[in-house]
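Working notes, beginning with the structure itself.
The values are calculated or read from the model by the stated rules, or taken from the named source; none is laboratory data. Keep in mind the model is a prediction, meaning the values are calculated, not measured. Please note: Cβ atoms are built from the backbone with ideal geometry, for glycine as well, and neighbour counts cover all protein chains shown.
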Amino acid sequence: MKYTIDAQGKKIGRIASEAAKALLGKNSTSFAKNKVADINVEIINAGKTEMTAKKKKSEIYVTYTGHRGGLDKETLAELIVRRGMSEVYSRAIRKMLPNNKLRNERMKRLIIKE
């Protein structure tokens with residue numbers, strides 16, 4: 001089954017929460033917490049998302065390599081330039097899914113088109 005979300009003119013968090021809910025299978029009648037739902041979620045028009053300039057400057061993504069001095073910080077604007085809006089959506093949706101063995105399988109069912 002395919003679930004399509006149009007992101008044009010909408011906020012990132014609203015789209016991400018809707019996609020996470022669909023990936024978990026909460027929209028289907030045969031919902032089970034311990035199973036990966038048979039739903040492919042597709043987000044279209046990801047590049048046309050509504051976003052303020054303040055949000056692009058203030059939102060900070062932090063990554064850590066594990067080595068001394070390996071703490072990297074970048075703003076939302078820098079991430080969009082470097083990786084595109086699809087990376088922003090995938091990071092937001094990944095954080096909304098439960099951190100267990102099924103998360104990677106659920107993320108494989110996510111398709112983001114710019």
Of those in segment 44-66 that are in contact with a Ser or Thr (Cβ under 8 Å, 6 or more places away or on another chain) and not polar (S, T, N, Q), the residue farthest from Met107 (Cα to Cα) is Lys57
Which pairs have Cβ atoms under 9 Å, sit 6 or more apart or on different chains, and link a residue in segment 52-66 that is of a type in the set (Phe, Trp, Tyr) to one that is part of a helix (DSSP H, G or I)? Tyr61/Leu76; Tyr61/Glu78; Tyr61/Leu79; Tyr61/Val88; Tyr61/Arg91
Please work out which residue is farthest from Thr4 (Cα to Cα), limiting yourself to segment 46-77 and to residues that are within 16 Å of the chain's Cα centre (by Cα) and assigned to a loop (DSSP other than H, G, I, E, B). Glu59
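So which of Ile43, Ile80 ends up being in contact (Cβ under 8 Å) with a residue 12 or more places away in the chain, assigned to a strand (DSSP E or B) and β-branched (Val, Ile, Thr)? Lay out the reasoning, then the answer.
On the way: Ile80 fails: assigned to a strand (DSSP E or B).
When all the criteria are applied, what remains is Ile43.
Would you tally the residues in segment 61-100 being among the basic types (Lys, Arg) and either surrounded by fewer than 10 Cβ atoms within 10 Å (Cβ to Cβ) or over 20 Å from Glu18 (Cα atoms) (or both)?
First, the residues of segment 61-100 that are among the basic types (Lys, Arg): 68, 73, 82-83, 91, 94-95.
With either surrounded by fewer than 10 Cβ atoms within 10 Å (Cβ to Cβ) or over 20 Å from Glu18 (Cα atoms) (or both) added as a condition, the list becomes 68, 73, 82-83.
Qualifying residue count, segment 61-100: 4.
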Hits in segment 100-114 (condition: modelled with pLDDT under 95 and part of a helix (DSSP H, G or I)): none
Under the condition of being outside any helix (DSSP H, G or I) and touching a residue at least 40 places away in the same chain (Cβ under 8 Å), which residue from segment 1-34 is surrounded by the most Cβ atoms within 10 Å (Cβ to Cβ)? Ala7
